[in-house]
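The values are calculated or read from the model by the stated rules, or taken from the named source; none is laboratory data. It should be emphasised that the depicted structure is a prediction, and the values quoted were computed from it without experimental measurement. With ideal geometry, Cβ positions are generated from the backbone for all residues, glycine too; neighbour counts draw on all protein chains shown. Areas reflect the complete protein model, heavy atoms only, side chains present, ligands, DNA and RNA absent. Shrake-Rupley method; radii C 1.70, N 1.55, O 1.52, S 1.80 Å.
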Amino acid sequence: MLFQIKSYLKFLWHSKNEHAVHSPFVFNLLTKCFYDKKQKQEYLILRNYRKSLLENKNFIEVTDFGAGSRVFKSNKRQISKIAQTAGISPKRAELLFRVTRYFEPANILEIGTSLGLATSALALGNVNAKVITLEGCPQTASVAKNQLHKFSCENVENIISEFQQYLSNLKPESLNFNLIYFDGNHSKKATLAYFDLLLPTIDNDSVWIFDDIHWSAEMEEAWGIIKNHPKVTVTIDTFQWGFVFFRREQEKEHFVIRA
């Protein structure tokens, strides 16, 4: 916790808003998407999706997996408690919805479904997109699948798999992900492994979003390595999220933005 407080204070010291941004691409993203205050009808769906989970008092067996799909922790948890502590906040869900609507990605990948709070934002952001979401725990994935169906998010394919195993078997020549949301394993080793495995799927307009880039010193190190990768041209650090772009026409530039 102390590390995150120090990181946040450092973030506040360096962060800017749209008035300090000279890149037209980033300026438009901030003013037309990040800072869009207009209410959307889909926000009500996102709120009701969350409310439905918070009211669900059923217990499920939650299973976490280690390397090579080995189970290293299993325990019973109440769905409402998982919804309170895991997944995306209401404000971040609305931002993820806006980002998806702004870029209109045709193929979306989410690493870490949990109960589908972020998945619903991705699915509603572009109802014509194909959303693939990965979850290692079958019981959690089942709750998310039912919940997504209940709220008519029919453009989602739920896959139960250990993340690295699934990504290692991808055939990038047949699939480009236009938007990827990384929220499955907040460790340096796993984050960089997923980054390397998915690099062959990028195109010029790909948008990658990494969750909890300041979660730990390890995650900050991973974020630094990603920023310096030669294929990465633009990054935006919003403290909780790190946005990565691969636009070849952009000069390499890193932004720290209050969002």
Mind telling me which of the residues V234, V244, V207 ends up being within 23 Å of Y102 (Cβ to Cβ), of a type outside the set (K, R), in contact with an Asp or Glu (Cβ under 8 Å, 6 or more places away or on another chain) and open to solvent by less than 40 Å² (accessible area, probe 1.4 Å)? V234
What is the number of the single condition among (1) out of contact with any strand residue (DSSP E or B) (no Cβ under 6 Å at 6 or more places or on another chain); (2) open to solvent by 10 Å² or more (accessible area, probe 1.4 Å) that L198 does not meet? (2)
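Of all residues in the range 106-116, which are touching a Phe, Trp or Tyr at 6+ places or on another chain (Cβ under 8 Å) and buried (at least 24 other Cβ atoms within 10 Å of the Cβ)? Spell out the reasoning first.
So the first thing to find is which residues in the range 106-116 are touching a Phe, Trp or Tyr at 6+ places or on another chain (Cβ under 8 Å), and the list is 107-112, 116.
Scanning the range 106-116 gives I108, L109, E110, I111, G116.
From the list I257, I209, I160, pick out the single residue that is touching a strand residue (DSSP E or B) at 6+ places or on another chain (Cβ under 9 Å), over 23 Å from E135 (Cβ atoms) and among the hydrophobic types (A, V, I, L, M, F, W, C).
I257
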Working carefully through the options A118, A123, find the one that is touching a residue at least 60 places away in the same chain (Cβ under 8 Å) and either closer than 15 Å to L96 by Cβ or not in a helix (DSSP H, G or I) (or both). A118
Can you name the condition, by its number, that N126 falls short on among (1) touching an Asp or Glu at 6+ places or on another chain (Cβ under 6 Å); (2) under 18 Å from F163 (Cβ atoms)? (2)
Condition test on S120, is it more than 25 Å from N75 (Cα to Cα), open to solvent by less than 30 Å² (accessible area, probe 1.4 Å) and of a type in the set (S, T, Y)? yes
Scanning for something of a type in the set (D, E, K, R), assigned to a helix (DSSP H, G or I), over 16 Å from the mean Cα position of the chain (by Cα) and surrounded by fewer than 21 Cβ atoms within 10 Å (Cβ to Cβ), does the range 163-183 turn up at least one residue? yes
